[in-house]
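Everything on this sheet refers to the single structure shown next.
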Amino acid sequence: MWKLTRFAAASNIARSRRFSAAIPGPCIVHKRGADILHDPWFNKDTGFPLTERDRLGLRGLLPPRVISFEQQYDRFMNSFRSLENNTQGQSDKVVSLAKWRILNRLHDRNETLYYRVLIDNIKEFAPIIYTPTVGLVCQNYSGLFRRPRGMYFSAKDKGEMMSMIYNWPAHEVDMIVLTDGSRILGLGDLGVQGIGIPIGKLDVYVAAAGINPQRILPVMLDVGTNNQKLLEDRLYLGLRQPRLEGEEYLSIVDEFMEAVHARWPKAIVQFEDFQMKWAFETLERYQKRFCMFNDDIQGTAGVALAGLLGTVRAQGQPLTDFVNQKIVVVGAGSAGLGVLKMAIKAVAKISGCSDSAAKSQFYLIDKDGLVTTERNNLDPAAAPFAKNPRDLEGLTEGASIIEVVKKIKPHVLLGLSGVGGIFNDEVLKAMRESVSTKPAIFAMSNPTMNAECTAIEAFKHAGENIVFASGSPFENVDLGNGRVGHVNQANNMYLFPGIGLGTLLSGSHLITDGMLQAAAECLASYMGEEDISNGILYPSVDSIRDVTAEVGAAVLRAAVEEELAEGHGDVGHRELSHMSKDETVEYVRSNMWYPVYSPLVHEK
Ligand SMILES: NC(=O)C1=CN([C@@H]2O[C@H](COP(=O)(O)OP(=O)(O)OC[C@H]3O[C@@H](n4cnc5c(N)ncnc54)[C@H](O)[C@@H]3O)[C@@H](O)[C@H]2O)C=CC1
Ligand SMILES: CC(=O)C(=O)O
Ligand SMILES: [Mg+2]
């Protein structure tokens, strides 16, 4: 609990000094006049003080009145609120896209103000810049496209990437999010339109981890698409060819990784929304060579594990009881298999048994039903988790979700299938027979329409005493008589920003299992007993900077312990290794960028 009290106090102080006056350091600008107004990084719109207008050749290019940052902020929020009023009665899709557009326009114009409103209103704006609206944006990207953001490397750029990477204007890049668009949320292959995901993830990096937005780079690797509808869409902006496969595909990713490493050897590359075969293959291929991780496999696993351990605590059991939890995972893709692998390792660690003994409590279901060793053409990635039919008490290969739930009566039913509604009424009702006093339903697929069930359905059919979590946000559920069914957001956004920031500040060249495990353990212990007993497994998105500071510190300390931390900037390995836990958290927190207008100083 002490942690939460301290954080609440810290964030109140931060709020009260939001617009007050620690004078920020100057910022060197090599442009003048209209070029500054057209550069969202330097632009302050009507906020340029008169002296700065004189110095930078802006006099006459702006209306005469100077508007303070606080007034600009209020003006934006007012126009956002009036948009909400003006779109009342319109479809959710229209309203969501209108909200995204107004934020995106601000992003294009004035980054300082954009990130300030984003950070200060992250709970309200995360569903717009991230899941679920980002999914809709990706689906409609070719029509919505106005100006580019990030970089595009295509199959046609083979042999050119080493020079192309120098086209990016920033000298330093800390964080790259890379996709090939092949599995965007639960929406499938969206080709080049998947660029919305790296953009959204990096906005979360800025909001949650305070990564400097001048040092982020969203990247699309366009190797074609197998989405026939997109190939036939005349507005489609990507390569009109089927996806590259095999060595041809890998040679493109190899070339990109080498190019990034050559220009920015310390940049961290987050792989995002790759279809399963490439997600695993690229992780295996690069994790010991480059500073990278796969968010869908590794970030998701940590968040799910924290939720599973929280569920044990919510049942009033000691953590050691995790070894007795029966857990059914629906979805044997990159996310589901990542979760299984990490959860099984946790059971093995707690019980002191081997990984293979630790598997007995876990059941895996994919599109063809329960995965067993009798499966024809068993996917090698799923094979380690396949059940031996001997151990199944009558269940057979391919058994359906309802058959498995009825027979096993699991403590936890966790969905990472990408299929909306597959936890139907019957499945949820069967969870009432769970052996747990507080069964858990995790409907983790994104965006909202792909969630395995809604929060209302879960509390209605599985009972009011459940623990519920979803990948995209749902409102808490009114259970009547003042009681509330709490909705958790089990989303990797609670971990990836801290993994990135902690790694960056550690100066490690690699992201190891130990660093990822430290991140998961940190999140798992973040919530106090009172919240946990009320079914609250994760902190509110409002406190994402606080969570990220803790997770980042845990990652950094793990890197120090593994002797991988070379340090960052002026703070070297020695200083890092002498920091206490609290000092490390403060160090991480103090390295978070926060948007304020800096005085601009022109230099030729
Ligand atoms: N909440 C979070 O933080 C995260 C959520 N996700 C979500 O998880 C979902 C899956 O992602 P990936 O594993 O990367 O996808 P994937 O495409 O690699 O795997 C999907 C899996 O679901 C199975 N499946 C499909 N239809 C099914 C059905 N009717 N019944 C049972 N299983 C079925 C497939 O056989 C496959 O094993 C996506 O919707 C994604 O948005 C992914 C990462 C993080
Ligand atoms: C959250 C996320 O990474 C996904 O749905 O793919
Ligand atoms: Mg993802």
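Each reported figure results from applying straightforward, stated rules to the coordinates on display, with no laboratory input. Small disclaimer: the values here were computed from a predicted structure and weren't measured. So basically every Cβ, Gly included, is an ideal-geometry build from the backbone, and we count neighbours across all protein chains shown.
Just a few scattered comments:
- Using Cβ point charges alone (K and R +1, D and E -1), the dipole size of the chain about the Cα centre works out to roughly 1340 debye.
- Per-residue packing, averaged as other Cβ atoms within 10 Å, sorts the ranges 367-377, 405-415 into the order 405-415, 367-377, beginning with the highest.
- Links that overshoot a 23 Å alpha carbon limit, given the list Lys326/Lys581; Lys99/Lys123; Lys326/Lys407: Lys326/Lys581
- For the range 23-119: rounded, prolate or oblate by the Cα gyration tensor [a/c cutoff 1.5]: prolate
- Euclidean distance of C-alpha centroids, the range 461-478 and the range 556-587, integer Å: 39 Å
- Approximate spin-label separation Lys407-Arg105, in nm, with each point projected 7 Å along Cα-to-Cβ: 5.7 nm
- Applying 1/(1 + (r/R0)^6) with r as the Cβ-Cβ distance of Trp593 and Asp542 and R0 = 25 angstrom yields a FRET efficiency of 0.85.
- Gyration tensor (alpha-carbon) shape descriptor, the range 105-204, a/c threshold 1.5: oblate
- Options Leu370, Gly415, Ile401, ranked by Cα towards positive dipole end of the range 340-424, top entry (Cβ charges): Gly415
- Most to least packed among 317-329, 344-356, 77-89 [average Cβ atoms within 10 Å]: 317-329, 344-356, 77-89
- Reachable aspartates and glutamates from Lys288, criterion Cα separation under 19 angstrom, eight or more residues apart if same chain: Asp174, Asp254, Glu255, Glu258, Glu272, Asp296, Asp513, Glu561, Glu562, Glu563, Glu566
- Using Cβ point charges alone (K and R +1, D and E -1), the dipole size of the range 41-131 about the Cα centre works out to roughly 200 debye.
- Taking packing as the residue-averaged number of other Cβ atoms within 10 angstrom, the listed peptides 594-601, 308-315, 90-97 run from highest to lowest as 308-315, 594-601, 90-97.
- Tensor-based shape of the range 495-590 (alpha-carbon gyration tensor, a/c under 1.5 rounded, otherwise prolate or oblate): prolate
- Extended-chain gain in nm, criterion 0.36 nm per residue less alpha-carbon gap, Glu160 and Ser251: 31.5 nm
- The value of relative contact order for the chain, using C-alpha pairs under 8 Å at least six residues apart, is 15 percent.
- This model, with +1 at the C-beta of Lys and Arg and -1 at the C-beta of Asp and Glu, gives the range 84-169 a dipole about its Cα centre of some 180 debye.
- Lys229-Lys93 FRET efficiency (beta carbon distance; Förster radius 30 Å; 0.05 resolution): 0.95
- Farthest toward the positive end of the dipole of the chain, out of Gln317, Leu428, Pro539, is the Cα of Pro539, where the dipole comes from beta carbon charges about the Cα centre.
- Set of lysines with alpha-carbon distance to Lys158 below 23 Å, sequence-local pairs under 8 removed: Lys277
- Sites Thr46 and Lys123, calculated FRET efficiency, Cβ-Cβ separation with R0 30 Å, nearest 0.05: 0.60
- Ratio of Rg to Rh over the chain (Cα coordinates, Kirkwood Rh, two decimals): 0.96
- Close amide H partners of Ala332, meaning residues 5 or more places away or on another chain with modelled amide H under 5 Å apart, are Lys367.
- Simple label model, 7 Å out from Cα along Cβ direction - Glu530 to Val435, nm: 3.4 nm
- The range 299-491 - convex hull of alpha carbons, volume per residue in Å³: 102 Å³
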